[in-house]
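Worksheet: one structure, shown below.
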Amino acid sequence: MAGLLLLTITCWAQMHNPVKFSVTQKSLSDSEFEIIFTGTIEEGWHVYSTDIAEGGPTVAEITFEENRGAKPVGKLTARGKVESKFDEMFDMQVTFMEGTAVFVQKMAVTEPSYEVKGYLTYGACNDANCIPPSTADFSFTGTGKPAAAPKAADKVEEKKDDAGKEDATVTPETTEAEVEDIAAMEAGTDTIAAPAKPEASSFGDFWAPVIDELTMFGENASGAAGQAWWSIFLMGFAGGLLALLTPCVWPIIPMTVSFFLKRSSDKKKGIRDAFTYGISIVVIYVVLGLVITGLFGASALNALSTNAIFNIFFCLMLLVFAASFFGGFEITLPASWSNAVDSKAESTTGLLSIFLMAFTLALVSFSCTGPIIGFLLVEVSTSGSILAPTVGMLGFAIALALPFTLFAMFPAWLKTMPKSGNWMNCVKVCLGFLELAFALKFLSVADLAYGWHILDREVFISLWIIIFALLGAYLIGWLRFPHDEDEYDDEGNVIAHPRTSVPRFFMALLAFAFAVYMVPGLWGAPLKAVSAFAPPMNTQDFNLYGNEVHARFTDYEEGMEYARKHGKPVMLDFTGYGCVNCRKMEAAVWTDQKVADLINKDYVLITLYVDEKTPLTEPMKVTENGDERTLRTVGDKWSYLQRCKFGANAQPFYVLLDNGGHPLNKSYSYDEDIDRYVEFLSTGLKNYKENK
């Protein structure tokens with residue numbers, strides 16, 4: 001790209017438009033007419049006028065795409081009640097209209113017939129936010145009497161146009177040759193006004209928003225979000241159940257329940273106190289989730305999944321947690337914290353006392369629950385949902401609080417609880433292996449984003465094979481860690497080779513089987529069970545597997561031009577190196593023969609990585625939601641395309657387009673139903689053939 005690109009595409013990321021414009025033509029005489037833009041503005045909103053200094057909000061201006069047989073007379077003007085005030089948001093004096101906005105462009109006829117076509121660009125804001133720069137199109141044709149050419153003696157002043165030309169003024173002192181030069185300049189009226197829209201091959205037609213068109217196909221993304229929240233809740237619930245089995249929590253359950261039942265002769269009150277204790281645990285961890293959400297915010301949580309630096313940080317954090325679970329050291333909070341809260345709980349009564357006891361549990365058990373919570377928050381924070389940490393902590397807390405309430409209601413169950421022992425340390429070590437495996441997943445995201453190629457698919461799979469083989473070796477008793485207790489015979493001697501319990505044997509069998517299952521992946525087998533975590537297949541150097549779907553293009557414009565020349569529809573695949581569900585779809589759905597044939601034979605597949613860190617040749621400036629942004633990487637560009645053109649920002653996101661960039665069907669997100677995916681592709685292909 002030559003020069004600094006200024007991307008001026010209207011981005012309807014938010015579908016609500018508080019301003020509705022109508023365009024009319026009014027004849028003033030045989031040689032003059034006006035183009036009138038009349039906008040109806042919703043209450044609380046205002047549209048900015050034409051005379052705002054640079055650096056302020058979007059100024060109203062007119063752009064001519066075609067202008068034959070007529071020329072503008074003066075600039076676009078605002079009519080009606082134009083107000084002026086100092087705007088703290090932009091730190092300048094601004095002019096605007098409320099209720100109704102009217103803009104008029106006067107035109108002079110220069111040929112017997114004329115044709116004018118273009119659009120009005122305007123900006124609108126309320127007290128809280130702004131919409132992206134928006135447009136109102138116009139197109140008029142007509143006949144008239146050309147206006148008389150100006151004479152040298154007439155004073156005619158042409159204002160400086162939007163392309164940056166200097167004022168052209170004809171005065172009595174102007175020579176005849178200069179008059180001819182000015183007339184020649186006036187003849188080029190199609191270049192007057194704002195900078196022209198980019199051509200199709202340079203962010204023009206292909207980038208035009210199609211959100212309304214997708215809506216006509218029945219676009220609805222609410223189901224996907226709900227499904228994600230349920231999966232996050234279940235992930236948190238599973239984490240809470242695992243935390244219960246650790247040596248920091250399990251021994252506390254009978255002591256706490258017995259305390260509540262003994263502190264009152266009334267059994268119902270004891271049960272009520274235990275129930276309150278459980279609710280307090282839920283409140284504490286949900287508040288933790290809300291704090292995480294408040295600190296990061298929605299946009300930052302979404303960015304975490306594609307940010308290489310954060311993924312490296314998560315990798316290191318999980319490595320530390322794994323080392324802690326293996327017995328290298330204990331992650332504990334300062335003892336003064338738990339002591340202070342515990343003493344406060346003893347000195348108070350009522351609900352506050354119970355709440356402080358629950359808070360003491362959270363502090364004391366942190367060495368075991370901290371790594372689990374940390375892993376959970378890492379996973380849900382990269383889901384892109386602002387509610388993810390809160391929903392995840394809700395599931396974790398309910399699972400953690402459930403036994404305290406149930407054992408209080410049914411105290412006889414306490415006698416059936418397994419005794420504390422070495423099995424709890426076994427749970428910790430197993431969790432350590434899992435956190436070690438997931439640490440590689442986050443390192444892989446950073447490796448892919450920056451193109452280091454140090455953790456390609458076969459390297460990743462090799463490390464996972466070793467990790468789960470070592471897990472099996474630990475469970476079978478061949479590998480031991482510092483906190484594993486020795487077993488003694490009747491004479492008090494340490495048993496060199498202790499017996500393996502039946503549960504540990506079956507768990508070891510699963511670990512070894514999983515390690516063996518991954519071995520064919522070293523030669524390109526899809527490994528659907530680990531596809532969500534392993535790097536994409538295109539990083540595999542040695543691949544014997546042939547039934548794959550490969551993108552023909554990773555550049556949007558190049559792919560669209562190719563599809564246009566060859567008369568084929570396009571399938572856009574918005575994905576990310578750190579997108580777990582993207583890898584699941586590729587392994588579970590794209591490997592199906594019907595799906596692979598449809599994509600490879602009937603579509604031009606364009607895969608766009610929104611977390612690609614390759615710098616652009618030159619940064620691009622865009623305007624989105626009233627703010628100017630700079631796109632610096634290839635991933636920034638494709639992420640902006642997804643938001644701007646389709647009004648979406650989650651991956652995976654599949655959309656089918658014709659050769660003009662218009663949708664052929666509603667979009668498709670994460671859903672491993674192969675029949676539905678085949679129907680999605682077949683419907684798009686059918687619509688393409690019918691439209692063609």
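The values are calculated or read from the model by the stated rules, or taken from the named source; none is laboratory data. Remember, predicted model here, so these are calculated numbers, not experimental data. Quick reminder, even Gly has a Cβ in these numbers, built from the backbone with ideal geometry, and neighbours come from all protein chains shown.
The strands (runs of 3 or more DSSP E) found entirely in region 26-115 that carry 2 or more residues being in the same structural domain as D137 (by TED's automatic domain parsing) and of a type in the set (S, T, Y) are 32-41.
For S420, the stated conditions do not hold, so it cannot be described as within 27 Å of the chain's Cα centre (by Cα) and at pLDDT below 70.
In region 230-242, the residues that are under 15 Å from L400 (Cβ atoms) and in contact (Cβ under 8 Å) with a residue 40 or more places away in the chain form Cβ pairs under 9 Å with partners that are part of a helix (DSSP H, G or I) and of a type in the set (S, T, N, Q), at six or more places apart or across chains, as follows: G239/T369; G240/T369.
In the set (1) out of contact with any helix residue (DSSP H, G or I) (no Cβ under 8 Å at 6 or more places or on another chain); (2) polar (S, T, N, Q); (3) not assigned by TED's automatic domain parsing to the domain that holds G661, S531 fails one condition alone, (1). Taken together, the residues in region 57-76 that are more than 21 Å from S139 (Cβ to Cβ) and surrounded by fewer than 20 Cβ atoms within 10 Å (Cβ to Cβ) amount to 1.
Conditions tested, residue by residue: (1) in contact with a Ser or Thr (Cβ under 8 Å, 6 or more places away or on another chain); (2) closer than 17 Å to A529 by Cα; (3) surrounded by fewer than 20 Cβ atoms within 10 Å (Cβ to Cβ).
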site: N425; (1), (2), (3): no, no, yes
site: C430; (1), (2), (3): no, no, yes
site: Y450; (1), (2), (3): no, no, yes
site: I454; (1), (2), (3): no, no, yes
site: I465; (1), (2), (3): no, yes, yes
site: L471; (1), (2), (3): no, no, no
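Could you tell me whether any residue of region 275-292 is under 18 Å from the mean Cα position of the chain (by Cα), modelled with pLDDT under 75 and over 30 Å from G559 (Cα atoms)? So far as region 275-292 goes, yes, one or more of its residues are under 18 Å from the mean Cα position of the chain (by Cα), modelled with pLDDT under 75 and over 30 Å from G559 (Cα atoms).
Can you find a residue that is assigned by TED's automatic domain parsing to the domain that holds V604 and modelled with pLDDT of 90 or more anywhere in region 472-482? The answer is no, given that none of the residues of region 472-482 is assigned by TED's automatic domain parsing to the domain that holds V604 and modelled with pLDDT of 90 or more. Within region 352-367, if we keep just the residues that are in a helix (DSSP H, G or I) and out of contact with any helix residue (DSSP H, G or I) (no Cβ under 6 Å at 6 or more places or on another chain), the residue that is modelled with the lowest pLDDT turns out to be S367.
Looking at this structure, is R676 within 21 Å of V580 (Cβ to Cβ), free of Cβ contacts under 8 Å to residues at least 12 places away in the same chain and of a type in the set (D, E, K, R)?
Yes, satisfied.
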